[in-house]
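Rule-based calculations on the coordinates, nothing more; no lab input. Only a predicted model underlies this, so the values are computations on that prediction, with no experimental measurement involved. Every residue, glycine as well, gets a Cβ built from its backbone with ideal geometry; the counts of neighbours run over all protein chains shown.
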Amino acid sequence: MPFSILHFADLHLDGAFTGSRLPATLARNCREQLRKTLRRIVDLAQARGAHAVTVAGDLFERARLSPDTAAFLISEFERLAPIPVFIAPGNHDAADAGSLYQRGRWPENVNIFASNRLTERPLTKEISLWSAAHRSPSERQNFLSHFHLPQPSSTHLPILLLHATLVATPSPSNNTHAPVTLEDIRQAGFPLALLGHYHTAQTARAGNTVVVYPGSPEPLGFDEPGQHGVIWLQIEPGQPPKIETVPLAELRFETVEVAVDDCNHRDQLFDKMMALPPARDFNQAFVRLRLVGSAPSSLFLDLPVLTQRLQNHFAFVQLENLTQPAADLQQLAQEPTVRGAFVREVLAARETGADGPASQQRYMDALAYGLQAFNQEDIALR
């Protein structure tokens with residue numbers, strides 16, 4: 001009979017959601033959704049009859065964790081009993097002396113790897129779990145450095161559980177959280193690694209070695225589009241693991257580019273944006289609309305006004321002005337105005353100081369920002 005594991009990571013309970021500039025009320029709602037998602041994970045493990053639940057770090061935000069959320073988390077894992085839970089703390093929920101992992105009163109079915117050296121916990125006679133913890137938010141060591149499994153056996157299946165950064169090659173940089181390569185995992189003797197840290201689900205393979213990132217169960221911002229959930233694994237020694245992604249996310253973040261080239265006034269642009277919710281089911285989504293293209297001179301991009309008119313048609317809408325002015329720069333440079341002087345100065349600097357396409361683009365961006373400011377438009381840095 002296969003051994004079943006529900007694997008997840010990077011839930012980030014009590015996360016701030018500040019990166020997406022959500023209003024405080026919506027950020028609180030998102031934090032509540034993370035708690036609901038943990039309940040759904042527990043329900044799923046029970047309904048499917050999981051033999052174990054593994055958590056590869058960043059279960060919560062250590063710096064923001066409230067006593068209420070800590071008590072909720074412990075009670076949910078207690079509700080899972082007798083299904084065992086195995087936790088490998090990450091950089092956001094590091095297992096230092098003051099952490100919930102060290103000071104909390106956890107139920108008996110919860111197993112926390114609190115050492116920053118790999119240790120073993122048996123799952124069955126044939127399957128064991130090896131893991132280590134981030135002992136601080138700045139853990140930079142490669143947990144597999146100089147590590148080899150003792151006495152490998154063809155009938156034994158060791159599984160690696162870590163919060164780690166999978167990199168292509170070893171790097172001298174110390175800015176990477178617990179870097180590890182596929183080759184490190186393969187040479188250490190692990191046929192299967194259950195990792196956390198990346199918020200997008202992905203699977204990597206090298207020979208008979210399989211590395212699985214479940215991604216975050218819920219997206220945490222606009223930089224995390226796509227499907228989110230947990231991983232269901234069925235494992236038998238001597239057989240490749242069966243891996244299933246189970247979608248769970250209720251939150252949804254979307255970024256859409258809207259070209260303004262054909263909009264001569266604000267109402268035309270508003271109508272264009274209003275066509276998006278029915279076509280893309282955006283009524284329940286957090287949406288970032290990026291205005292791009294060349295803005296006609298008659299178009300005044302008053303983002304607060306547009307946002308107010310749109311807000312009832314999205315769960316949340318954010319506008320960014322990344323347009324370029326559709327203007328005759330040489331003609332503007334002839335104006336006997338402050339705007340004309342600004343254009344002349346930037347064009348002259350571009351001619352004398354530009355070095356390559358990147359530098360040219362910086363001068364054009366500066367022109368765009370300046371002209372948007374003269375038009376009293378909101379500006380989003382590119």
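As a proxy for reagent exposure, ranking Trp130, Trp106 by other Cβ atoms within 10 Å from fewest up yields Trp106, Trp130.
Amide H contacts under 5 Å for Ile127: Leu157, restricted to partners 5 or more places along the chain or on a different chain, H placed in the peptide plane at 1.01 Å from N.
Residues Glu183, Glu218 in ascending order of nearby Cβ atoms (within 10 Å, fewest first): Glu183, Glu218. Based on alpha carbons, the Rg and Dmax found for the chain are 25.8, 85 Å.
Here is how the number arises for the chain: DSSP H runs of 4 or more residues each give -39500 (n - 2.57), the sum is divided by the residue count, and the result at 222 nm is -9000 deg cm²/dmol.
Angle, helix 357-374 long axis vs. longest principal axis of the chain, Cα atoms, 0 to 90°, nearest 10? It works out to around 60 degrees.
When the charge dipole of the stretch 58-170 is built from unit charges on Cβ atoms (+1 for Lys and Arg, -1 for Asp and Glu) and taken about the Cα centre, the candidate among Leu123, Leu80, Gln141 whose Cα reaches farthest toward its positive end is Gln141. Put in line by how crowded their Cβ is, counting other Cβ atoms within 10 Å and starting with the fewest, Asp223, Asp58 read Asp223, Asp58. Once the stretch 268-330 is represented by equal point scatterers at the alpha-carbon sites, with solvent omitted, what log10 I(q)/I(0) does the Debye formula produce at q = 0.21, 0.23, 0.30 Å⁻¹? Calculated log10 I(q)/I(0) at the listed q: -0.85, -0.98, -1.41. Near the amide H of Leu319, within less than 5 Å, lie the amide hydrogens of Leu289, all on another chain or at least 5 residues away, with H placed in the peptide plane. Compactness of the stretch 253-374, taken as the C-alpha radius of gyration over 2.2 N^0.38 Å, stands at 1.23. Relative to the longest principal axis of the Cα atoms of the chain, the long axis of helix 338-353 makes an angle of roughly 60 degrees.
GNM remark for the chain: springs join alpha carbons under 10 Å apart, and the peak mean-square fluctuation among Ser298, Ser75, Ser128 falls on Ser298. Between the helical axis of 67-80 and the longest alpha-carbon principal axis of the chain there is an angle of about 50 degrees. Between the residues Leu157, Thr176, Val246, the greatest Cα displacement towards the positive end of the dipole of the chain, with unit charges on the Cβ of Lys, Arg, Asp and Glu, is found for Leu157. With both labels modelled 7 Å from their Cα along Cα-to-Cβ, the Ala71 to Gln330 distance reads 7.4 nm. Bridges between two residues of the chain, per DSSP, are antiparallel at a rate of about 35%. For the chain, relative contact order (Cα pairs under 8 Å, six or more residues apart, normalised by length) works out to 13 percent. Only Lys, Arg, Asp and Glu carry charge here, each on its Cβ (+1 for the first two, -1 for the last two); on that basis the chain has a dipole of about 880 debye about its Cα centre. Say the dipole of the chain comes from +1 at the beta carbon of Lys and Arg and -1 at that of Asp and Glu; which of His199, Gln324, Phe286 then lies farthest toward its positive end? My answer, from the dipole projection, is His199.
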